[in-house]
Amino acid sequence: MSIYREEQRKKAIELRDEIFKDPGDGMFRGKKRDFVLNDPILNLWAGIRDDAVEYFKKNDIPWWYGAEEEPTGHLLSSQVSCLNHLYFLRQRIDLSTAVLKNIDNRIKTPIIIDNGFVEFEVIGKKNYLNEKSHTRGANSTSVDAVMVGEKEDGKNILVLIEWKYTESYDTENKYKPERYNNYNPLLEEQNCPIGTDDFESLYFEPFYQLMRQTLLGWKMVEANEYNCDEYIHLHIIPTKNRDLKQKITSPKMTGSDMSDAWKKVLADKNKYKVFSPEELFNSLEQENDAQSLLKYLNLRYWN
């Protein structure tokens, strides 16, 4: 277990009674765990709880290690963290505008997609990557969340958001025929946004996931989804998760840290940005209606 993950596990247990009023010892992978809530629904912030559950049900999106129609009780779930941070923005044009302007100052207003300003577990309208499955949230390349902003020039930009919490990765080569037969032909295309000839170096997490999501964003824009003419790929990583941020898992990739190594293989480095959750939300500090959410996020995740 990584140092950061162990720190967050201990913190979650310490805060369990204060925030959730739940004794823990919920089931995860067949065992009772002190960092898993007995009542999983409490893992979602009260301000989004019922609506988020209904959204997943309506869109047939599976929960990560959750029951059929409820989230996991695992307090370190990045899926839950993503929802706790972003779901509230779905119906708030003011807060969505502030966040998008913080991401790219060319954006003037958010665009409604999927009946809100944020869409979750996005896989694209078509199976652009020729994968065996094309199902939201399971067995196909997906992005945790998507937002769309209208720029000053009147055109739209697709914002892909990959949310991390306590994840870290070992050096494991995933270069297998059933995978490279899918993705290498896309990497070979002339306009591919990933500019390296050493394809095998991309098949190590988290680069493998970043590669697939980059290809997805590129193809979604090519297909003019959401009327977008460009995309930007965000990696949301807590500042203290150095196990993820500093380790370069691919032996042939080089850089000062993970994000620097990834930027080196991109044709346009500006299409990839790393934010901590606090940095993503720093434009909301003066928004009165966001204070209840920010207080919760600060206590549970940021402090």
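All of the numbers you see were taken from the coordinates with simple rules; none came from a lab. Everything numeric here is computed off the predicted structure, so don't read it as measured data. Note: ideal-geometry Cβ built from the backbone for every residue, glycine included; neighbour counts use all protein chains shown.
For residue 113, enumerate residues with amide H under 5 Å from its amide H, sequence gap 5+ or separate chain, H modeled in the peptide plane.
Hits under the 5 Å cutoff: 118.
Give me, ordered by chain and number, the residues 5 or more places off residue 74 or on other chains with an amide H under 5 Å from its own placed amide H.
37
Report the net charge of residues surrounding residue 113, where surrounding means a beta-carbon distance below 11 angstrom and charges are Lys +1, Arg +1, Asp -1, Glu -1. Show your work: numbers first, answer last.
On the way: positive: 90; negative: 114, 119, 225.
Here the count lands on -2.
So how do 139-150, 79-90, 220-231 stack up, highest first, on mean other-Cβ count within 10 Å? Don't skip to the end; give the middle numbers.
On the way: 139-150: 21.9, 79-90: 23.8, 220-231: 17.1.
By packing density, highest mean first, the sequence is 79-90, 139-150, 220-231.
Using modelled backbone amide H atoms (1.01 Å from N, in-plane), which distant-in-sequence or interchain residues come within less than 5 Å of residue 230's amide H?
158
Which whole-Hz ³J(HN,Hα) couplings does the stretch 235-243 yield from phi under the Karplus relation 6.51 cos²θ - 1.76 cosθ + 1.60, θ = phi - 60°, glycine and proline marked x?
10, 9, 9, x, 4, 7, 7, 6, 4
Let me spell out the model: positive unit charges on the Cβ of Lys and Arg, negative unit charges on the Cβ of Asp and Glu, origin at the Cα centre of the stretch 77-302. What dipole size does that give, in debye rounded to 20?
260
Taking θ as phi - 60°, what are the ³J(HN,Hα) couplings along the stretch 200-215 by the Karplus curve (6.51, -1.76, 1.60), each to the nearest whole Hz, with x for Gly and Pro?
Once rounded to whole Hz, the list reads 4, 5, 7, 9, 10, 5, x, 5, 4, 5, 4, 4, 5, 5, 5, 4.
Under the Karplus relation 6.51 cos²θ - 1.76 cosθ + 1.60, θ = phi - 60°, what is the ordered set of whole-Hz ³J(HN,Hα) values for the stretch 118-127, x standing for Gly and Pro?
These are the phi-based 3J(HN,Hα) values: 9, 10, 10, 6, 8, 10, x, 5, 10, 7 Hz.
In the chain, what % of DSSP beta bridges are antiparallel (nearest 5)? It would help to have the intermediate numbers written out before the result.
Working: 19 of 31 bridges.
DSSP beta bridges in the chain are roughly 60 percent antiparallel.
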